[in-house]
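Notes follow once the structure below has been shown.
The values are calculated or read from the model by the stated rules, or taken from the named source; none is laboratory data. Just so it is clear, the model here is predicted, and its values are computed rather than measured. A quick note on method: Cβ atoms are made from the backbone with ideal geometry, for glycine too, and the neighbour counts reach across all protein chains shown. Note: accessible area is taken over every heavy atom of the protein model, side chains too, but ligands, DNA and RNA are not part of it. Shrake-Rupley method; radii C 1.70, N 1.55, O 1.52, S 1.80 Å.
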Amino acid sequence: MIIIKQVFALAMILGVAYATAIPAPVPVEGDSLVERHAVGASELQKRQCSSNGCTCAVGTAGGIYCGSCSQVTSLGTGGNYDDVFQCNASGGCCDYGHRTSCTQSGTPCG
């Protein structure tokens, strides 16, 4: 009977020991994912906005529009509905190229 009590007590102690949470290691300065993968403004590359003959509706507020937006009236040479276009109020336009958010439903129009 004593052996059964000792085995039961040992099982309880081991169960508690293995059930406790082990804290995550404290991050070392300079070792966080944000710091290791952050892209500084100096590392970003500017995209060329090419004049490919695209047009926007006259009177459109200047801004960025996906090719599927009603403000972009012509995609121009090589333009696609998933490209992002820069429009101005006089109907002028240029194409920045592919933009992932332009392929999704509810694309940004403005």
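On the stretch given as region 52-88, residues that are more than 18 Å from Gly106 (Cα to Cα) and among the small types (Gly, Ala, Ser) total 9. Give me the pairs: first residue in region 64-75 and open to solvent by less than 60 Å² (accessible area, probe 1.4 Å), second residue among the basic types (Lys, Arg), beta-carbon distance under 8 Å, and six or more apart or on different chains, which are they? As it stands, the answer is Cys66/Arg99, since those pairs meet every condition given.
In region 45-63, the qualifying residues are those that are closer than 11 Å to Cys93 by Cα and hydrophobic (A, V, I, L, M, F, W, C), and the one that is surrounded by the most Cβ atoms within 10 Å (Cβ to Cβ) is Cys56. Just so you know, in region 73-92 the residues that are at pLDDT below 95 and outside any loop (DSSP other than H, G, I, E, B) include one that is nearest to Thr55 (Cα to Cα), and it is Cys87.
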